[in-house]
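Heads up, the thing below is written out as structure tokens.
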Amino acid sequence: MEGTGEILSFTLPRTLAYLLRGDPAAESYVPTRKNREYRTFLRHRASLIKMRVEVTNRIHTLLDKYDLSHEYTDLFGKEGLEWLCNLNLPATDDQILKSNLQILETLNEQIRSADIQIAKDAVHEEQAKLLMTMPGVDYYAAMILPSEIGDVNRFASPEKLVSWVGLAPQVHQSGETQWTGHITKKGSKRAR
């Protein structure tokens, strides 16, 4: 076939037969159903956190607009929220503030609910329980690592896993000189 100068026109069955014969396609990893469910729920929680940050930033923007400052270490803690609720802004901005505070309250409830579910799941997962024995690894991190990585046996070596996560250092080489830089960050940012 090669080198004859002919234009090959493959039909679907012929293409599949060609691919099966030569095995040129790499196998794709498909996580288990349970793993996909965990991954979806953990990503949902991450999106809730992102939404909460957007809402708190909008509230800070409103405060900056009127040059309002506070002495609370946590503006969105109990006392800080009470202060925000009692602010008297012009009508439009007051309505926007109240709306953002309601959205914030709803998001906080949803995040608490998600955290409870994730903690319950972590208690029943052997990998998560093992990871939680490490200092600094809470139930969320213990669940997200296995769900994002999946089956570690799919990696040929620990170095391949480190590279996939993006924790491998950058290497710059010129002739006999070699520099090692920061991590590449080219892998899964969720797992990293």
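Report ³J(HN,Hα) in whole Hz for each residue of the range 163-179, in order, from the Karplus equation J = 6.51 cos²θ - 1.76 cosθ + 1.60 where θ = phi - 60°; Gly and Pro get x.
Result, ordered by residue: 5, 4, 6, x, 9, 6, x, 6, 10, 10, 9, 9, x, 8, 8, 9, 10 Hz.
Taking the Cα centre of the range 39-115 as origin, sum charge times position over the Cβ atoms of Lys and Arg (+1) and Asp and Glu (-1), and report the length of that vector in debye to the nearest 20.
On the way: 10 positive and 12 negative charges, 124 e Å.
Using Cβ point charges on Lys, Arg, Asp and Glu, the range 39-115 gives about 600 debye.
Lysine pairs, Cα distance under 17 Å, 8 or more residues apart or cross-chain: how many in the chain?
Going through the chain pair by pair, I get 9.
Report, in degrees rounded to the nearest 10, the 0 to 90 angle that the Cα long axis of helix 139-149 makes with the longest principal axis of the chain.
For helix 139-149, the angle is close to 30 degrees.
Suppose every Lys and Arg Cβ carries +1 and every Asp and Glu Cβ carries -1, with no other charges. What dipole size does the range 97-176 come out with about its Cα centre, to the nearest 20 debye?
140
Among 49-55, 30-36, 146-152, how do they line up from the highest to the lowest mean number of other beta-carbon atoms within 10 Å? Present the calculation step by step, with values, prior to reporting the outcome.
Details: 49-55: 14.1, 30-36: 12.0, 146-152: 17.9.
Peptide ranking by packing, descending: 146-152, 49-55, 30-36.
As I understand it, the dipole of the chain uses +1 on the Cβ of Lys and Arg and -1 on the Cβ of Asp and Glu, about the Cα centre. Which of Pro158, Trp179, Tyr66 lies farthest toward its positive end?
Result: Pro158, furthest along the dipole toward the positive end.
Among Thr11, Thr92, Pro135, whose Cα projects farthest towards the positive end of the dipole of the chain, with charges put on the beta-carbon of Lys, Arg (+1) and Asp, Glu (-1)?
The one lying farthest along the dipole's positive direction is Thr11.
As I understand it, the dipole of the range 31-151 uses +1 on the Cβ of Lys and Arg and -1 on the Cβ of Asp and Glu, about the Cα centre. Which of Ile144, Ile111, Asn35 lies farthest toward its positive end?
Checking the options against the dipole of the range 31-151, the answer is Asn35.
To test your reading of the geometry: what angle, between 0 and 90 degrees and rounded to tens, separates the Cα axis of helix 12-22 from the longest principal axis of the chain?
Once rounded, the angle reads 80 degrees.
When the helix-only estimate is applied to the chain (DSSP H runs of n ≥ 4, each -39,500 (n - 2.57), divided by the residue count), what is the mean residue ellipticity at 222 nm, nearest 500 deg cm²/dmol?
Values: 7 runs with 111 residues, N = 192.
That comes out to -19000 deg cm²/dmol.
Quick one: Cα centre-to-centre distance for the range 116-158 and the range 55-109, in angstrom?
Cα centres, the range 116-158 to the range 55-109: 36 Å.
How many nm is it between the label spots at Thr56 and Val137, if each spot is 7 Å from the Cα in line with the beta carbon?
2.6
What shape does the range 62-192 take by its C-alpha gyration tensor, where a ≥ b ≥ c are the square roots of the eigenvalues and a/c under 1.5 counts as rounded, a/b above b/c as prolate, and the rest as oblate?
Numbers: a/c = 3.50, a/b = 1.77, b/c = 1.98.
Cα axes put the range 62-192 in the oblate bin.
About the Cα centre of the chain, how large is the charge dipole given +1 on each Lys and Arg Cβ and -1 on each Asp and Glu Cβ? Please answer in debye to the nearest 20.
Values: 24 positive and 25 negative charges, 126 e Å.
Using only the charged Cβ atoms, the result is roughly 600 debye.
Computed from the coordinates by the stated procedures, all read-outs in this text should not be read as laboratory data. What you see is a predicted model; the values in this text were computed from it and never measured. So basically every Cβ, Gly included, is an ideal-geometry build from the backbone, and we count neighbours across all protein chains shown.
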